[in-house]
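One structure below.
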Amino acid sequence: MSGKNLDELEQLRRSDARYHAVLLASAAIVWIASPEGEFVERQPGWEEYTGQTWAEYQYSKWISAIHPDDRPQVTADWMGAVGSGGPVYQTQGRVWSARHRAWRAFQTRGVPVRDKTGKIIEWVGALTDVQDALDSQEKLLQRERELAESRSAAARLREQLSRLLEANSIGLITTRDDDILEANDAFLRLIGRHRGQFALPISWRKLTPPGYEEADARALVQLLEEGECLPFQKEYIRADGVRVPVLLGAVAFNRKPLECVCFVVDITAQKRAEATLEQARKVAERASEEKTRFLAAASHDLRQPMQALAALIGILAARPHDPDETALVKRADRAMRSMADLLNALLDFSQLDAGVIQPHWECFPAQRLLEAMREEFEIEASEKELQFTVQNCPCWVRSDLALLARMVRNLVSNAVKYTPPGGQVTVVCHREQGRIRLEVRDTGRGIRPEMHDAIFEEFRQIGNPECDDRKGLGLGLSIVRKMAHLLDHPITLRSSPGAGSTFTISVPLAEPVTEQPHSEFFFAGGRRVLLVDDNELVVEVLVSLLADAGNDVVTANSAEQALAIVQSAEAAFDAVISDYRLPTLSGLEVIESVRRRWPAATAIILSGDTFDPRLHVLSNTGVKVLSKPVSRETLAQALESGFLRGDAKSVTP
């Protein structure tokens, strides 16, 4: 071989070594493909990057390393370059990286290699991972966006601060320790000064009246520890000596010495508004208290003649009559009960408003309540030609029986009143999640949705435009709502015009317990009773009621007279019945005197006034409190339940 050939061979060797060195030094994946675009030789760089074996990527199977979404475009670009013969093949997409175990963005570029005749003998190209560059570009763009937003926010803040300062409505001051170094015109106006007569610096403590030392000290501690203090209220002294209420907040920009920027807002108008609201609240409370006192006094005074009327009707009902007279007595009894219902509504309302009603919790069968509703309203519903149905319920509930009965009674009463003849009124229970739903349904004309809240307002009757007093005072549903809140028995309403109404009370369930059998009470005679009341008519009819049953009745028209009778009595009293509100002392003093001498005596308080807190604890001492007017049956039951304990024994004081 000649020296020239040896030189050419050495140059080729060096060129090949240089080519391999470039491949190793390059971060790109160099690939060589056939004229048809297939890998016919192993591509070490491709294997290292993608993790594919030669069997997995040879020929045209290299496309499997390209992201499925990018394969159509990469294939189209490749086929276009191969079909046209160049001059350049380039494309981009995402390729699988074994090292990153993720799809990575790439760019590739290839050129054809031709022989002396111009025929393409192979394609040589490089695939470059550009994911890091794209990520860096995205981060740069994000930083540019954040910077733009920060610049925009700063511009808005500058604009807002500029407007704030231009508006000059908020006092701004800068301070160093105790001294005010700078202040805007708004602050100077707030303290009643202007720049011509006010020289800075000045101590803010000199502008602060006594009484704010503790609040100022807390603010200083917050500024030193946290760099800012929460806005708090204080006062500054104006030049004319008037105290100006302000809201002050501060931010520290230096700790030693303590230098701050403070905003000061004049809240005089706010304080005036608060004072006006407080005065209005007190006026409303006084009006509510006066209304409550008026209702209580009116109810008490009206109950006196009502008590006499109830007793007289009871006496008449117990005597034999011909059918016409019996009918008249029944009508009088219904009229008296209607008036009693109105009075009870007033009293319930006033008691609930005053907060003197306290629930007496007990467990009882719901059927007891339902039976009472059936007995009370079936005759009235029948006379109105209504289909009245009360479905049985085996569940027990926990509530105040009297208050819950009052709620249901008011709902049933309304349903009967406002349902036209031929309609239906139904009372039914449903059990769900530890409670029962007591439902009162009617087929009345219904209530518009916008009136659902209004019907629970006091003295509101949307179905009584003619103000028919037989339909009540408009307190029934208000009382129901107040009692529902008191007992925590949620009440809901479903109603719409033409579809009737359904009121639902949610009551907690209780475990059944063994009930004591109920005793039948009757007005027995042969008892010695002390009756104390300052109303002559009430005394007269109650004496007749008790004496007709064969009881020996001793009367007193004052507490003093009753106490004298007790002290001088030689024979024991089996019972004492006393009005609560007597001219000087209350009936409780009479009760206590009788029970000290005869502990077993039955003690009954008759009252139209239940606002005295002592009345609400009497049941625990065995004293029965009956609200006027008291029916013959109620009085008989109270007396007989006491007599069943045994006869009274005389005890010498």
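The values are calculated or read from the model by the stated rules, or taken from the named source; none is laboratory data. Here the structure is a predicted model, which means the values were calculated and not measured. Quick reminder, even Gly has a Cβ in these numbers, built from the backbone with ideal geometry, and neighbours come from all protein chains shown. When the accessible area is computed, the model is the full protein with side chains, heavy atoms only, and any ligands, DNA or RNA have been set aside. Shrake-Rupley method; radii C 1.70, N 1.55, O 1.52, S 1.80 Å.
Looking across segment 212-247, the residues that are free of Cβ contacts under 8 Å to residues at least 12 places away in the same chain and surrounded by fewer than 13 Cβ atoms within 10 Å (Cβ to Cβ) come down to Glu213, Glu214, Ala217, Val221, Glu225, Glu226, Gly241. From the list Trp46, Trp62, Trp96, Trp31, the one residue that fits, being touching a residue at least 12 places away in the same chain (Cβ under 8 Å), open to solvent by 60 Å² or more (accessible area, probe 1.4 Å), within 22 Å of Gln131 (Cβ to Cβ) and of a type in the set (Phe, Trp, Tyr), is Trp96. Going by the conditions given, is Phe263 open to solvent by 90 Å² or more (accessible area, probe 1.4 Å), in a strand (DSSP E or B) and of a type in the set (A, V, I, L, M, F, W, C)? For Phe263, the condition - open to solvent by 90 Å² or more (accessible area, probe 1.4 Å), in a strand (DSSP E or B) and of a type in the set (A, V, I, L, M, F, W, C) - is not met.
The single condition from (1) open to solvent by less than 30 Å² (accessible area, probe 1.4 Å); (2) under 14 Å from Glu371 (Cα atoms) that Pro394 fails is (1). Among the residues of segment 34-43, those identified as open to solvent by less than 50 Å² (accessible area, probe 1.4 Å) and touching a residue at least 40 places away in the same chain (Cβ under 8 Å) are Ser34, Pro35, Gly37. The set of residues in segment 560-583 being of a type in the set (S, T, N, Q) and over 14 Å from Asp533 (Cβ atoms) consists of Gln567, Ser568.
Only a single criterion out of (1) within 21 Å of Glu540 (Cα to Cα); (2) in a helix (DSSP H, G or I); (3) at pLDDT 85 or above is not satisfied by Phe573, namely (2).
Among the residues of segment 198-210, is any assigned to a loop (DSSP other than H, G, I, E, B), at pLDDT 90 or above and of a type in the set (D, E, K, R)? Spell out the reasoning first.
Our first condition is that a residue be assigned to a loop (DSSP other than H, G, I, E, B); within segment 198-210, this holds for 198-201, 204-210.
With the extra rule that they be at pLDDT 90 or above, the set shrinks to 204-210.
With the extra rule that they be of a type in the set (D, E, K, R), the set shrinks to 205-206.
Within segment 198-210, one or more residues are assigned to a loop (DSSP other than H, G, I, E, B), at pLDDT 90 or above and of a type in the set (D, E, K, R).
Might you check whether a residue that is in contact with a Cys (Cβ under 7 Å, 6 or more places away or on another chain) and of a type outside the set (Phe, Trp, Tyr) occurs anywhere in segment 256-273? Scanning segment 256-273, I find no residue that is in contact with a Cys (Cβ under 7 Å, 6 or more places away or on another chain) and of a type outside the set (Phe, Trp, Tyr), so the answer is no.
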